[in-house]
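The values are calculated or read from the model by the stated rules, or taken from the named source; none is laboratory data. Quick caveat: nothing in here was measured; it's all calculated off a predicted structure. All Cβ positions, glycine included, derive from the backbone under ideal geometry; neighbour counts span all protein chains shown.
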Amino acid sequence: MAGSGSTRRPALHLPLGRAEYGEALELQRALHARRKTGAIPDTVITVEHDPVITFGRSSSREHLLVSSQELEREGVALFEVERGGGITYHGPGQLVVYPIVDLREHGRDVKRFVGRLEDATIATLADFKIASGRRDGYPGVWVAQRKIASIGVYVRGWVSRHGLALNVAVNQAHFAMINPCGLSVQMVSACDLSDQPIALEQVQRVFLDRISERFGWRLEEASLPETLGDENE
Amino acid sequence: MNTNNSGIEIRLPDLGEIDEVRVVQWLVEIGATLAEDDDLLEVETEKTTFVVPAPIAGQLSEIVAAEGSMVKQGGVLGRIRQHA
């Protein structure tokens, strides 16, 4: 666990708001390259995606349960990406977090990195009086047998991209389009587990605090031009 | 020894506290000329894709861990023949 605020390392938070998956993917790749050269410190992108289904490196097409015509009708995009894990749905009402982190500064430990993302999520949900946990051998965050947050990461040159998706208030019908990770698991949103309404912005604010504690960051909000550098302004 | 006629062993780097990884795909073919740190292959563990870099410059001479196989920490992935 990190020490006091004064010993924390500066890191950036880049809030994208609502954005298309492809746009955020390009941005992640650009920031990943800049993190590798040390042009930027650890950077956390937060985003809420337009509806999209993505395939990770362990995906099977069989885990997509609807036709391309149905996807088109529902306005759901499809991407095949480099992250680990299986098929995943992203959409409105979901907090997506992409930590662009140099793991060499955090113990060069892939499992610990994933564990910190899970821990930050569990601590965030606890703030909203939702008890969640890990399931051995099944990365992600679970409420009993239901999945509330999915994880899928890519590490190259010890720098990460992709990350975590936490369901706050997701259209449950959209989850029915996939068999997540081929596990036939049920997905659940925080809103379904709480008597109080929960806003995405609230969850994001708490999550950023919890993840900063775990990585020892002092987060500062940054803009796109600041993180992408002069040549992209 | 970690060398033989077909080159120097490429081992799975220490990724921290993990037992084993699955080989997703090799990104280069046998015979490819590599600089140190070039991308060699992708492995997956804990829902994480990790790109293994070339430990030295040379030519990829052998693939030991085929796509889909499981490799333990420190296990041999392939071999690189160093340039003379």
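Among the conditions (1) away from chain B (no Cβ under 14 Å); (2) closer than 15 Å to A:G157 by Cα; (3) not in a helix (DSSP H, G or I), the only one that A:A30 does not satisfy is (3). Taking strands (runs of 3 or more DSSP E) as the structural unit, those lying wholly within segment B:1-60 and holding at least 3 residues that are more than 7 Å from chain A (Cβ to nearest Cβ) and over 25 Å from A:L164 (Cα atoms) correspond to B:7-11.
Only one of A:G152, A:G140 is at positive phi, modelled with pLDDT of 95 or more, not in a helix (DSSP H, G or I) and not aromatic (F, W, Y); which? The match here is A:G140. Look at segment A:66-79: where a residue is over 19 Å from A:L25 (Cα atoms) and a partner is modelled with pLDDT under 90 and assigned to a strand (DSSP E or B), sitting 6+ places away or on another chain with Cβ atoms under 9 Å, you get A:V66/A:I178. Taking segment B:15-31 as the range and being surrounded by fewer than 12 Cβ atoms within 10 Å (Cβ to Cβ) and either touching a helix residue (DSSP H, G or I) at 6+ places or on another chain (Cβ under 7 Å) or at pLDDT 95 or above (or both) as the test, the residues that pass are B:E29, B:G31. When the test is whether a residue is more than 13 Å from chain A (Cβ to nearest Cβ) and at pLDDT below 95, B:A84 passes it.
Here segment B:43-84 is the region considered, the condition is being more than 12 Å from the chain's Cα centre (by Cα) and within 16 Å of B:I30 (Cα to Cα), and the residue that is surrounded by the most Cβ atoms within 10 Å (Cβ to Cβ) is B:G58.
For segment A:188-211, the condition of being in a strand (DSSP E or B) and not small (G, A, S) holds for none of the residues. When segment A:59-96 is limited to residues that are of a type outside the set (D, E, K, R), within 14 Å of chain B (Cβ to nearest Cβ) and part of a strand (DSSP E or B), the one that is nearest to the chain's Cα centre (by Cα) turns out to be A:T88. Scanning segment A:121-156 for residues that are of a type in the set (G, A, S), away from chain B (no Cβ under 14 Å) and surrounded by fewer than 17 Cβ atoms within 10 Å (Cβ to Cβ) yields A:A126, A:A131, A:G133, A:A144.
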